[in-house]
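The values are calculated or read from the model by the stated rules, or taken from the named source; none is laboratory data. Quantities reported herein were computed from a predicted structural model and do not represent experimental measurements. For neighbour counting, all protein chains shown are included, and Cβ atoms are generated from backbone atoms with ideal geometry for every residue, glycine included.
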Amino acid sequence: MKTEFRRKTKDTSIFLAGLVIFTGINILLATRLELHFDEAYYWLFSQYPSFGYFDHPPLIAWLILAGQFFLKNEIGIRLLVITLSSFSMIILWKMIKRYSTDALLFWSLIYSVVLILPYCFIATPDAPLLFFSILFFFLYSRYLQKSNLQSIILLAFAIALMIYSKYHAFLLLGFVVISNIKQLKKFSFWWVAIFTILYLLPHFFWQIDNDFPTIRFQLIDGHNKEFHFSVILKYIFSELAVTGPFLGWFYLFAMTSVKTDNDWEKGLKFSGIGIFAFFLISTIIKGDFEAHWTLVAIAPMIILSTKYIIQNPKWKKWVYIAGATNFVIVLALLVVLQTPFSHKLSFLNRLSGNQTEAEIIKNFTGNSQVIFQDEWKKASLYGFYNQDKNVVNLNSGLYRRNQYDILGHDEMLEGENVAILTTDSLQFKDGTRIVTNKSVWYGKKTDNFRCYYNLNFNLIKHDISNNRFTATARIINPYDDTLRIGENFKLTSSFRLYARGGGKWNVLGELPINNLKISPHGEADIDLDFPVTNEMKNLKELFFTLKVGELLPIPAHYEINMRKGTFKKFNDKQLSKYSGI
């Protein structure tokens, strides 16, 4: 009896010591590393509290907003993420204790999986998703034992917050339901569904009011690339690395090999295997992936691997070795971060030097309102490090939409003094070259800013034949003022044909507009005639756009397939494969 008590006391002490170390490491990393551009982007979300945002559900913004009440720096942004991460470990430990009270094994498992640590201090939607997925399995276990009103309300609350974190939650929920299909016959299951829907209504209404941007982005516009077989291999090796890197294959093997004894374990197994399989299939359909998407499967993987290891003790020492090795690497990283050599680590490039670049840009822009073009990442970092929530990023017809389109700050800057920044050296004839520690920018200040990004145009007729592309374009003026564009009005404008090559946009054809005057809310037709070069003939994607003034082309554009002679209009900049996510 005393021996058992001493063992449990020892395991509890090891767990608590490990929790203190784990939390301390996250705090040190959060204080020593600058914001990732994603975190700066979500900081921008938090400056405009809402029940929804363009790219993601709102929970990460709420967490950042709450943390900023305490501190306005990087640690403030990451404060509640770190807090949730520590509670994640406590809840996960409670579930794992049904198989083993070996706290050293627990922490060895945690540190063995390289995917876990970054998302325990970096403020992205994956961090609350990790916490609420773990909480979900904890409450799901209780619900299966006793489906009373308290269990129903709490489980629904965890499900809703998991969805408010990231839509990947639907995958986990779907596989859990499939694993226990008989639950559909229980009234308690439908009460869970009803309460979940009630919790999610504010977000649903926001989607309706904004034409479902998040859903369309996640399911249609985002991460669409051409399929290559190498993507499958890349996915497999990436997942083996992030779930290891030393024992990634073992954890995946253990999760698939362990036998389940109850509905809870079936839910773990179905969701764990299902999520990895789903994203494998997704790489074939969409041709792209991000390694951290499988983070939602971490709880099933850790819990089921623990059960397998207890049933097969020979694996314990290898987990100890892998965990200790990764832990030493983390400690070495913490040491390096205290030295001047830390900025030389390429894998930390996105987490350093951002404040310096923001300061250099600020020296050029001065008191002018800043407008970036097709640079939401840099705009967000600039906004955070200068505490400028009104920073503007204009997304052109060569880029995808994002939260900046919803904010629409550019519309408030008509006639104002602004500083426009681009990375295109050819965009401004008289721009200022700004060299930072990370990029080369070209800036121009103007005291009478005019943005025509609400302009639209339609191709009334078009034809590709006899080595010519001919069309009639109808330009639509949505403004209350008369539109005057063209050389005669000192507003250089042109229709252009763009193609992507060598990592940049290349102009393959251009027809200037010399003199065009359109009355308020009026229309005007322009006849166009482009020669079709041999280079154009073999292109699947050629983008037809309208460029007004010195800004990049307006958002409205056509995608042309010269081989088939087909035309497809886009007004929402569905160009994620070129724009980054």
May I ask you to say which residue of S425, S396 is among the polar types (S, T, N, Q), buried (at least 16 other Cβ atoms within 10 Å of the Cβ) and either at positive phi or touching a strand residue (DSSP E or B) at 6+ places or on another chain (Cβ under 7 Å) (or both)?
S396
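Which of the residues spanning region 412-427 are in contact (Cβ under 8 Å) with a residue 24 or more places away in the chain and more than 15 Å from V370 (Cβ to Cβ)? Explain how you work it out, then say what you get.
Residues of region 412-427 in contact (Cβ under 8 Å) with a residue 24 or more places away in the chain: 413-424, 427.
The answer is E414, G415, D424, Q427.
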Can you spot a residue in region 376-389 that is among the aliphatic types (A, V, I, L, M) and over 27 Å from the mean Cα position of the chain (by Cα)?
no
How many residues does region 107-136 contain that are buried (at least 23 other Cβ atoms within 10 Å of the Cβ), in a helix (DSSP H, G or I) and either under 18 Å from the mean Cα position of the chain (by Cα) or not hydroxyl-bearing (S, T, Y) (or both)?
13
Being surrounded by fewer than 23 Cβ atoms within 10 Å (Cβ to Cβ) and farther than 17 Å from G443 by Cα narrows it down to one residue among N417, N354, N386; which is it?
N386
What's the number of the only condition in (1) assigned to a helix (DSSP H, G or I); (2) in contact with an Asp or Glu (Cβ under 8 Å, 6 or more places away or on another chain) that R142 fails to meet?
(2)
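Starting from residues that are part of a helix (DSSP H, G or I) and without any contact (Cβ under 8 Å) to a residue 60 or more places away in the chain, keep the ones in region 22-52 and report whichever is nearest to the chain's Cα centre (by Cα).
Let us first name the residues in region 22-52 that are part of a helix (DSSP H, G or I), namely 22-32, 37-46.
Filter once more, so that each one left must be without any contact (Cβ under 8 Å) to a residue 60 or more places away in the chain: 24, 31, 46.
Numbers: G24: 26, T31: 22, S46: 15 Å.
This residue is S46.
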Output yes when any residue across region 439-446 is within 21 Å of G366 (Cα to Cα), modelled with pLDDT of 90 or more and basic (K, R), and no when none is.
yes
Would you check which residues across region 306-329 are crowded, with 17+ Cβ neighbours inside 10 Å and either under 29 Å from the mean Cα position of the chain (by Cα) or outside the structural domain of F106 (by TED's automatic domain parsing) (or both) and list them?
G323, N326, F327
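Please enumerate the residues belonging to region 420-448 that are part of a strand (DSSP E or B) and among the basic types (K, R).
R433, K444, K445
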Picked from region 239-273 (must be small (G, A, S) and surrounded by 18 or more Cβ atoms within 10 Å (Cβ to Cβ)), the residue farthest from the chain's Cα centre (by Cα) is A254
